[in-house]
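Shown next, in structure tokens, is the structure this report addresses.
The values are calculated or read from the model by the stated rules, or taken from the named source; none is laboratory data. These numbers were taken from a predicted model, which means no experiment stands behind them. Neighbour counts are summed over all protein chains in view; Cβ atoms, including those assigned to glycine, are modelled from backbone coordinates with ideal geometry.
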Amino acid sequence: MAVIGSDTHKLDSTTRHKIKHFVKMLEQFRGRGTELVTVYAPAGYDLNRIIGQLQEEQGTAENIKSKQTRTNVVDALERMIVHLRGVAKNPPNGLAAFSGNVAEREGQSDIKVWSIEMPIPSTQRLYRCDKEFILGPLKEIVEHENTYGLVVLDRRDAMVAILKGKTIIPLVQTHSEVPGKHKSGGQSAVRFERLREGATIEHFKKIADYMKDQFLPIIQDINGIIIGGPGVTVNLFLQNDYITGEVRKKILGTKDLSYTGEFGLQELLEKSEDILADQEVAEEKKLMQKFFYELSKDTGLAAYGRDDILKYLGYGAVELVLLSEELDEPVIEMFEAEAEKTGATVKLISVETREGVQLMEMGKIAAILRYPMQAH
């Protein structure tokens, strides 16, 4: 029985990875008929009621015409009932359970059963026999990522994007008709400056319209909006009522930037780590940057490579283990077990950031140490 739980609504990277692995494992199985059984018990629901329903379904399954399908369904339900009786009490967040014949050859029987505690409180109640396991509710949990709106602008250019999980997705770019500064004096300079101010206003209105068009339809799914650019320009943009109210409410903060365009979006992300403190992207980048800092300064506090990290874990010298999500599950589980022995923390690092790709390329396993060690 696989049980993965969490006391909060936020998934840490290790829990997320384990659920993804669990889902991927179940996705490979296909029934020859509607013989794979899926059960979701919501938080607070009595498992005895689920068991009672499954016993009734056993009687109904006896009417299935295909002898092989009938046998597989009845056996899968029986294994599920026995399994749930062993669980005894529904976990705090609810439970998902799966059973069925997963034999590779037709005519053979290999009934397996799995269950997993839902990582966040679930309201999902479901019983179904199908040709595949119903994994949508679990997928929705692990695939959902916090989404932020990003806007970078100056008097000449602007770009609107979203940050989904760790990925920046540019949406729309605009270029203004604001002319350069006028150097001549007299009335022509005043008139020119008035035209320049008018063009700036039109530029700001266009940016606000793009923000409305891109963000308002998904406003409920956006955790917040961050705006970046030259400080004076950003303040001028925000001082007026260009931005519609619902979008304005989502603005979390601003950052003073040197760039616009895609470079500006990357700079905005890097400068917004305080705003995105709860985002895994910021945490991953910060941890990996600390590792690369220690490595570049040759402090002896950074190490990488499977053998060295295992050795240092044995010495109790490891503070933090950095594992690429590209590692095989058994390897991850082995390092988690070793880290637990000495109170070391394990952090899974995705390949969705530049630093994560670097970790993968250097062997997928690294660590920050409690005290300097020398590799042998």
Practice task
Could you identify the single residue in Glu35, Glu27, Glu57, Glu117 that is touching a Leu at 6+ places or on another chain (Cβ under 7 Å), surrounded by 14 or more Cβ atoms within 10 Å (Cβ to Cβ), at pLDDT below 95 and under 22 Å from Asp130 (Cβ atoms)?
Solution key: Glu57
Fill in the blank from the handout: Of (1) farther than 21 Å from Leu348 by Cβ; (2) assigned by TED's automatic domain parsing to the domain that holds Val151; (3) of a type outside the set (Phe, Trp, Tyr), Gly300 satisfies every one except (2)
Fill in the blank from the handout: Within region 15-39, residues touching a Phe, Trp or Tyr at 6+ places or on another chain (Cβ under 8 Å) and of a type outside the set (Asp, Glu) come out as Phe22, Leu26, Phe29, Leu36, Val37, Thr38, Val39
Practice task
Would you confirm whether any residue within region 192-208 is among the basic types (Lys, Arg), assigned to a helix (DSSP H, G or I), under 25 Å from Phe263 (Cα atoms) and at pLDDT 85 or above?
Solution key: yes
Practice task
State whether the residues of region 347-370 include one that is in contact with a Lys or Arg (Cβ under 8 Å, 6 or more places away or on another chain), at pLDDT below 90, buried (at least 21 other Cβ atoms within 10 Å of the Cβ) and among the hydroxyl-bearing types (Ser, Thr, Tyr).
Solution key: yes
Problem - Selected residue (criterion: surrounded by the fewest Cβ atoms within 10 Å (Cβ to Cβ)) from residues of region 220-246 that are without any contact (Cβ under 8 Å) to a residue 60 or more places away in the chain and part of a loop (DSSP other than H, G, I, E, B) - result: Asp241
Exercise for the section: Please determine, by comparing only the residues of region 132-147 that are over 30 Å from Asn72 (Cα atoms) and touching an Asp or Glu at 6+ places or on another chain (Cβ under 8 Å), which one is modelled with the highest pLDDT. Expected result: Thr147
Handout entry: Matching residues, region 61-88, being modelled with pLDDT of 90 or more and exposed (fewer than 12 other Cβ atoms within 10 Å of the Cβ)
Key = Arg85, Gly86
Handout entry: Hits in region 92-129 - residues which are in a loop (DSSP other than H, G, I, E, B) and of a type in the set (A, V, I, L, M, F, W, C)
Key = Val102, Ala103, Met118, Ile120
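Residues checked against (1) more than 22 Å from Lys297 (Cα to Cα); (2) outside the structural domain of Met25 (by TED's automatic domain parsing); (3) in a loop (DSSP other than H, G, I, E, B):
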{"residue": "Val321", "(1), (2), (3)": "no, yes, no"}
{"residue": "Glu326", "(1), (2), (3)": "yes, yes, yes"}
{"residue": "Pro330", "(1), (2), (3)": "yes, yes, no"}
{"residue": "Met334", "(1), (2), (3)": "yes, yes, no"}
{"residue": "Glu338", "(1), (2), (3)": "yes, yes, no"}
{"residue": "Leu348", "(1), (2), (3)": "yes, yes, no"}
Fill in the blank from the handout: Expected single match for polar (S, T, N, Q) and out of contact with any Leu (no Cβ under 9 Å at 6 or more places or on another chain) among Gln239, Gln214 is Gln239
Practice task
Out of the residues in region 149-187 that are over 25 Å from Leu252 (Cβ atoms) and outside any loop (DSSP other than H, G, I, E, B), state the one that is modelled with the highest pLDDT.
Solution key: His175
Practice task
With respect to Glu329, determine if the residue is surrounded by 16 or more Cβ atoms within 10 Å (Cβ to Cβ), among the acidic types (Asp, Glu), under 22 Å from Thr15 (Cβ atoms) and under 21 Å from the mean Cα position of the chain (by Cα).
Solution key: no
Handout entry: region 266-317, residues that are free of Cβ contacts under 8 Å to residues at least 24 places away in the same chain, exposed (fewer than 13 other Cβ atoms within 10 Å of the Cβ) and either among the aromatic types (Phe, Trp, Tyr) or not in a helix (DSSP H, G or I) (or both)
Key = Asp274, Ala277, Asp298
Exercise for the section: Identify, by number, the condition in (1) at pLDDT below 90; (2) over 26 Å from Asp221 (Cβ atoms); (3) surrounded by 13 or more Cβ atoms within 10 Å (Cβ to Cβ) that Cys129 doesn't meet. Expected result: (1)
